[in-house]
Amino acid sequence: MTITRTAPVTSIAARAALIAIDDMVPCFQPVVSLKSDAVVGIEALARWPTVEGVDPAEVFALARIRGVVSDIDFACRTAAVKEARSANLTDGLALYLNYEPSGITDRARTEAHLDALECEGDVVLEITERGLDGDKESVRSMVDSARRRGFSIALDDVGSNAGTLAALSFVEPDIVKLDASILRRPYSFRSARVMSSVRRYIASSGAVILAEGIESERDRARAIRLGATLGQGWLFGAASTGADVRTRFS
Ligand SMILES: [Ca+2]
């Protein structure tokens, strides 16, 4: 029997969301200091409230297939900065913005885009794990440009695949965002291998660990045992609109 590879099936909702890109609403999830419990930052996440049942990850997967991921990625960050500013969130909270490396192609466009992301508060660019095995020079060049503007660099979902561990050495992040799967199974062989690489990197760089997916007090205790000083997850609140975040944390 011959098995034919077909394109991934994408839901109607993802297709609708991609068409309705202008209906994208940036939401913000708190980043918390595990020592003080204080909210120290917010991660911007794209949401489509007008499209029922849409999974943002699927929208990005579809954008990748259609070759428009960098357009979507750039638009999401620009909208997030605009919304964070208008809701008065950039003053005092670090703004975490996801950045997909496979979208880094046009250097002049990237420079202009980074200029547009500068705002009153601290900006953290989260280099997402997708596309890290691509053009390392372009990623490195973008990271250097971002640092020149005073932005911090995070590496997202570290431990989700081997590429994220390899990327520690060329991205040199200030913040290592530990994938939620490590927190779920901290004693597995895979988690031990990930933590060994992460600890080696932390010891040589002075970077900090942010644990993703903290849903309970048990998760929080685990995250602290793994060496995390920052955390994110349902325990501290889901993503909500800029206005909601302002109300909750003012
Ligand atoms: Ca992220």
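The values are calculated or read from the model by the stated rules, or taken from the named source; none is laboratory data. What you see is a predicted model; the values in this text were computed from it and never measured. Cβ coordinates were reconstructed from backbone atoms using ideal geometry, including for glycine residues, and neighbour counts include every protein chain displayed.
Yes/no matrix, rows are residues, columns are (1) over 17 Å from the mean Cα position of the chain (by Cα); (2) modelled with pLDDT of 90 or more; (3) of a type in the set (Gly, Ala, Ser):
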| site | (1), (2), (3) |
| --- | --- |
| Arg109 | yes, no, no |
| Val123 | no, yes, no |
| Val139 | no, no, no |
| Val143 | no, yes, no |
Cβ-Cβ under 6 Å pairs, at least 6 apart or on other chains, the stretch 35-50 side in contact (Cβ under 8 Å) with a residue 24 or more places away in the chain, far side within 14 Å of the ligand (Cβ to nearest atom) and part of a loop (DSSP other than H, G, I, E, B): Leu45/Ala239
Among the candidates Ala80, Ala94, Ala57, residue that is free of Cβ contacts under 8 Å to residues at least 24 places away in the same chain, within 30 Å of Arg222 (Cβ to Cβ) and within 16 Å of the ligand (Cβ to nearest atom): Ala57
Counted residues, the stretch 123-156 - those being closer than 14 Å to Leu210 by Cβ and surrounded by fewer than 20 Cβ atoms within 10 Å (Cβ to Cβ): 1
Test: residue in the stretch 161-176 that is exposed (fewer than 14 other Cβ atoms within 10 Å of the Cβ), among the small types (Gly, Ala, Ser) and modelled with pLDDT of 95 or more: no
Some residue of the stretch 60-67 being within 16 Å of the ligand (Cβ to nearest atom), surrounded by 15 or more Cβ atoms within 10 Å (Cβ to Cβ), farther than 26 Å from Arg85 by Cβ and not basic (Lys, Arg): yes
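Based on this model, can you work out whether Ala75 counts as in contact (Cβ under 8 Å) with a residue 40 or more places away in the chain, surrounded by fewer than 17 Cβ atoms within 10 Å (Cβ to Cβ) and either away from the ligand (no atom under 16 Å from the Cβ) or within 18 Å of the chain's Cα centre (by Cα) (or both)? Explain how you work it out, then say what you get.
Details: in contact (Cβ under 8 Å) with a residue 40 or more places away in the chain: yes; surrounded by fewer than 17 Cβ atoms within 10 Å (Cβ to Cβ): yes; either away from the ligand (no atom under 16 Å from the Cβ) or within 18 Å of the chain's Cα centre (by Cα) (or both): yes.
Yes.
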